[in-house]
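The values are calculated or read from the model by the stated rules, or taken from the named source; none is laboratory data. Everything numeric in this text was worked out from a predicted model, so none of it was measured. Here the Cβ positions follow ideal geometry from the backbone for every residue, glycine too, while neighbour counts run over all protein chains shown.
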Amino acid sequence: MDVKTGGATRGGGGAETWANWAGNVTARPARIARPTTPAEVEAVLTRAAQEGRRVRPVGSGHSFTALAGTDGVLVDVSAMSGLLGADDASGQIWVRAGTTLAALNALLAARGRALANLGDIDRQTVAGAVGTGTHGTGAAFAGLASFVTGLEIVTPAAGLVRCDATDDPELFRAAAVGLGAFGIVTALRIATVPAFRLSTLERTERLGSLLPRLDDFFASADHAEFYWFPYTDLTTTKRLTRLDPDDVPGGSTGGGLPEWRRRLHDDLLSNTVFGALSGTAARVPRLAPLASGVSARGLGERRFTDASHAVFCSRRAVRFRECEYAVPVDALRDVLRDLTAAVPRLRRPVTFPVEVRVAAPDDVWLSTGYQRANAYVAVHQHVAADPTEYFAAFEAIAAAHDGRPHWGKEHSLDAERLEALYPRMRDAKAVRARVDPDGLLRNAHLDRVLRG
């Protein structure tokens, strides 16, 4: 089974077993459908309803939750890929749901366009990334769903429909970050921006010096983030400044990295060496503090300039599990202080750095950024290590500050708690009842987080 990329293998009796990228979620669907058109998606839903089977969509399998889990029909949207159209005047595009972010970035670059912001992984399908609330960093930039201006979606009740802020705005605002609960998205209309470059500064800084000036740090660049290495006072900070595409690299911005330097940092230090260190620490927990310190000191300082998508996105070869919460920006200092105090008390040591970002508010009903500027704190554990105790401790800290969990990351919250965190949750549930009255798209995970 290929658990590195998310995929399926054929088991006994001809059935396929599906696993996500991290390998922590598996499913044995009755069958896996791979439609190439919206009409084929409609046919899949019709047949499943006739058979009394549930249906779940899946993209690249980069969610850490059981969103795609089903013993019914798993709909793999990856064959629906590519651009459907582009309006050069407005900069808006129609892209098919199964297009990966990496492929979309390449298609846009060829047209002199780009997405205004990205997360740090580009292997997800566009529909999966948007539908689970993927975001990047930058105090002036909301998540990917905020760039979406229209959806093409196949719903159980109405078949293929297009919706936006004018046509069925309730469905649009509910289904943009919709967890595959309102229909199967087949295409998205997305606002793009002219291509731009990013001047990048990465360096090691002390967490103790960052905490008193978090506001200044996040205001120091268009996109700023940092990684704290547990058991140390060390962080790797990243400051990304937006440039026009024809700006000539030079001075403090530097040019593109030489290939040997990129391979040293991204392939060897950030993946091969880090993977060996974190894997060893997962198997020999007493080595975790040493491994964390070595990792923090090994990356050093880098200055370079490159196309935006080449800077935003990184290769992630080391498998991990992740829990991430959005908390009000003003609560970030307290969250980090509580987290740094909790980590040394854990019975099983932490083997991965903690990622800290910020993002602007939006008006997407189920977005973590709905009407709130957030700081995002993501904790990770190597797949060989049990994350249960660590994630529970972090969730308790986030809960004290009305933390909203990332929909694609592991969390324990149920519908009652989530309804208290999302002002439009009841409205979203009403839309869901309208477009999927018989619960064709249900599974156990959705029953927990969207019950009622």
Check: How many residues does region 164-199 hold that are surrounded by fewer than 24 Cβ atoms within 10 Å (Cβ to Cβ), without any contact (Cβ under 8 Å) to a residue 40 or more places away in the chain and within 23 Å of residue 37 (Cα to Cα)?
Finding: 3
Notebook entry, point to check: Taking residue 177 and the conditions (1) within 27 Å of residue 69 (Cα to Cα); (2) touching a Pro at 6+ places or on another chain (Cβ under 6 Å), which numbered condition does it fall short on, given that it satisfies the others?
Noted result: (2)
Checklist line | Restricting region 398-452 to residues that are assigned to a helix (DSSP H, G or I) and small (Gly, Ala, Ser), the residue that is nearest to the chain's Cα centre (by Cα) | finding: 398
Check: Taking the stated definitions as given, is residue 386 in contact (Cβ under 8 Å) with a residue 40 or more places away in the chain and not in a strand (DSSP E or B)?
Finding: no
Notebook entry, point to check: Can you tell which of 325, 370 is under 30 Å from residue 169 (Cα atoms), surrounded by 18 or more Cβ atoms within 10 Å (Cβ to Cβ) and in contact (Cβ under 8 Å) with a residue 60 or more places away in the chain?
Noted result: 325
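Can you tell me which residue is farthest from residue 318 (Cα to Cα) among those in region 361-380 that are part of a loop (DSSP other than H, G, I, E, B) and among the charged types (D, E, K, R)? Before you say what the answer is, go through the steps one by one.
If we filter region 361-380 for residues that are part of a loop (DSSP other than H, G, I, E, B), which is where we start, we get 361, 363-369, 371-373.
Those still in the list that are among the charged types (D, E, K, R) too: 363, 372.
Numbers: 363: 34, 372: 32 Å.
Only one residue tops the list, namely 363.
Yes/no matrix, rows are residues, columns are (1) in contact with a strand residue (DSSP E or B) (Cβ under 7 Å, 6 or more places away or on another chain); (2) at pLDDT below 95; (3) closer than 25 Å to residue 157 by Cα:
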position: 34; (1), (2), (3): yes, no, yes
position: 66; (1), (2), (3): no, no, yes
position: 85; (1), (2), (3): yes, no, no
position: 98; (1), (2), (3): yes, no, yes
position: 108; (1), (2), (3): yes, no, no
Notebook entry, point to check: Taking region 135-151 only, how many residues are surrounded by 24 or more Cβ atoms within 10 Å (Cβ to Cβ) and of a type outside the set (A, V, I, L, M)?
Noted result: 3
Margin query: Scan region 361-377 and tell me whether some residue there is in contact with a strand residue (DSSP E or B) (Cβ under 6 Å, 6 or more places away or on another chain) and of a type in the set (Asp, Glu).
Written below: no
Notebook entry, point to check: Among the residues of region 99-120, is any free of Cβ contacts under 8 Å to residues at least 24 places away in the same chain, buried (at least 21 other Cβ atoms within 10 Å of the Cβ) and not charged (D, E, K, R)?
Noted result: yes
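Would you pick out the residues in region 345-360 that are in a helix (DSSP H, G or I) and at pLDDT below 95? Spell out the reasoning first.
So the first thing to find is which residues in region 345-360 are in a helix (DSSP H, G or I), and the list is 345.
Across region 345-360, there are no qualifying residues.
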Margin query: So, in region 194-219, how many residues would count as being assigned to a strand (DSSP E or B) and closer than 15 Å to residue 233 by Cβ?
Written below: 4
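How many residues are among the small types (Gly, Ala, Ser) and either free of Cβ contacts under 8 Å to residues at least 12 places away in the same chain or touching a Leu at 6+ places or on another chain (Cβ under 7 Å) (or both) when one looks only at region 151-163?
Count: 0.
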Next item on the list: With the condition kept exactly as written, say whether any residue in region 137-148 is part of a strand (DSSP E or B), within 21 Å of the chain's Cα centre (by Cα) and closer than 30 Å to residue 447 by Cβ.
Entry: yes
Margin query: Just to be sure before I move on: is residue 383 within 27 Å of residue 316 (Cβ to Cβ) and surrounded by 22 or more Cβ atoms within 10 Å (Cβ to Cβ) in the structure I sent?
Written below: no
Notebook entry, point to check: If residue 64 passes every condition in (1) surrounded by 15 or more Cβ atoms within 10 Å (Cβ to Cβ); (2) assigned to a strand (DSSP E or B); (3) not polar (S, T, N, Q) but one, which one does it miss?
Noted result: (2)
